[in-house]
1. Give region 294-311 a look and list any residue that's buried (at least 17 other Cβ atoms within 10 Å of the Cβ) and either assigned to a loop (DSSP other than H, G, I, E, B) or touching a residue at least 40 places away in the same chain (Cβ under 8 Å) (or both), or say none.
2. For residue 72, state whether it is touching a strand residue (DSSP E or B) at 6+ places or on another chain (Cβ under 6 Å) and farther than 25 Å from residue 184 by Cα.
3. Among the residues of region 312-337 satisfying the criterion of being surrounded by 22 or more Cβ atoms within 10 Å (Cβ to Cβ) and without any contact (Cβ under 8 Å) to a residue 60 or more places away in the chain, which is farthest from residue 245 (Cα to Cα)?
4. How many residues are under 14 Å from residue 120 (Cα atoms) and either outside any loop (DSSP other than H, G, I, E, B) or over 21 Å from the mean Cα position of the chain (by Cα) (or both) if we restrict to region 175-203?
5. Would you point out the residue of region 58-73, among those that are in a strand (DSSP E or B) and charged (D, E, K, R), that is farthest from residue 329 (Cα to Cα)?
6. Within the set of pairs 6 or more residues apart or between chains, which connect a residue that is among the polar types (S, T, N, Q) inside region 19-48 to a residue that is modelled with pLDDT under 95 with Cβ atoms less than 6 Å apart?
7. Taking residue 231 as meeting all but one of (1) closer than 20 Å to residue 246 by Cβ; (2) free of Cβ contacts under 8 Å to residues at least 40 places away in the same chain, write down the number of the exception.
8. Restricting attention to region 128-143, which residues are within 19 Å of residue 103 (Cβ to Cβ) and either polar (S, T, N, Q) or loosely packed, with under 15 Cβ neighbours inside 10 Å (or both)?
Amino acid sequence: MSGFRLQRLGLLIEPEPGNPQEVEGILNPATVRGPDGQLYLFPRLVAKGNYSRIGIARVKFNESGDPCGVERLGIALEPEVDYERRSDGSGGCEDPRITFVERFQRYVMTYTALSPIGPRIALAVSEDLFHWKRLGLATFEPYDGIDFVHVDNKDASLFPVAIPNHSGKMQLAILHRPLFPGTRPEETALQSASRVVDLDHESIWISYCPMVLEGLEPNHLGLFNSHHRLATPVSPWERLKIGGGTPPILTRHGWLIIYHGVSKIAEPGNEGRQLCYSAGVMVLSKEHPRMIRYRSPEPVLTPQSPEELRGTIANVVFPTGIDRRDDLGSPDRFDIYYGMADNRIGAARLDVPDHLPPGALADGDGPKTGGQE
């Protein structure tokens, strides 16, 4: 096998007729294997007014081992605390990712809290996936004039094991992409095609926190105070924005991430412009995850099916969940779960090649790293 091959497995779930919690969509799920070995799905459920909850469902498989549907099991999180709700009654718990953090022997969820000051990264922890304890908002220290504190942030995910920071200390690490003013795709799309990418403000970052198990209590998370700029927009399909996708998962080649990129498209006969969300592959070094070993020059998934082309927001595939198929004896097979046009959820199969293909892309002027130890 010469490259990363992805095969659509089809529509997995769409809004349930008559269910007010899903009237505006079911999308962007986290996925994780439970203590019972079964695969659980944590989708964003969108009610009227873009009011979001995080549901929980059990994935069903057909005789071939492919995901074919889900059994709805209820709600994992819904807006309850001040950083998830706004004074006008709106708010939300959105777009979760879940990682089993080995050091804690617990599941840790990162999700977007639609707070009074904008979207922020929130965390929750569970031992069984059915009972979640909020840990509050993730906190970040500013770095070298870059304000990670007072900006919107979302689509974050954790590494399952401690990884070395810039000084070699083993710490908890989070991938995130702060939404600095002017860096949303709706804003960058208005700029000229020859615009210069702002490397500090348009990148995916890795930030580190010296968290210990004893300190895993609400409002005592510790500060993410060491930062490394990981990846910035390079290829045309991600030129307007890149951001997080599936949590990092270890493969034979290193840490695999399916991330999203945004480009601008023009429909025939339409003078207006539209955005297209696609998915690509990034592989980070196992020993030094700050180093990119491979990055796909072309997306591995672009909107093509009717469910991906039309919906709440057209032309969107948005990867958020990943499952290594050890249960089938196929450690090089990964099932990807993704939002379709911000309205439904689809599944696809990604097969990891025996060797990394050529075509890794450089990022701008090289890495930027620093912060406290």
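1. Listed by number, the residues that qualify are 294, 295, 296, 299, 300, 301, 302, 303, 307, 311.
2. Considered against the rule, which asks whether it is touching a strand residue (DSSP E or B) at 6+ places or on another chain (Cβ under 6 Å) and farther than 25 Å from residue 184 by Cα, residue 72 comes out as yes.
3. The selected residue is 316.
4. Of the residues in that region, 3 qualify.
5. Here the residue is 72.
6. Filtered contacts from region 19-48: no entries.
7. Failed condition: (2).
8. Scanning region 128-143 gives 128, 133.
The values are calculated or read from the model by the stated rules, or taken from the named source; none is laboratory data. Please read all numbers here as calculations on a predicted model, not as lab measurements. Using ideal geometry, Cβ is built from the backbone for each residue, glycine included, and neighbour counts are taken over all protein chains shown.
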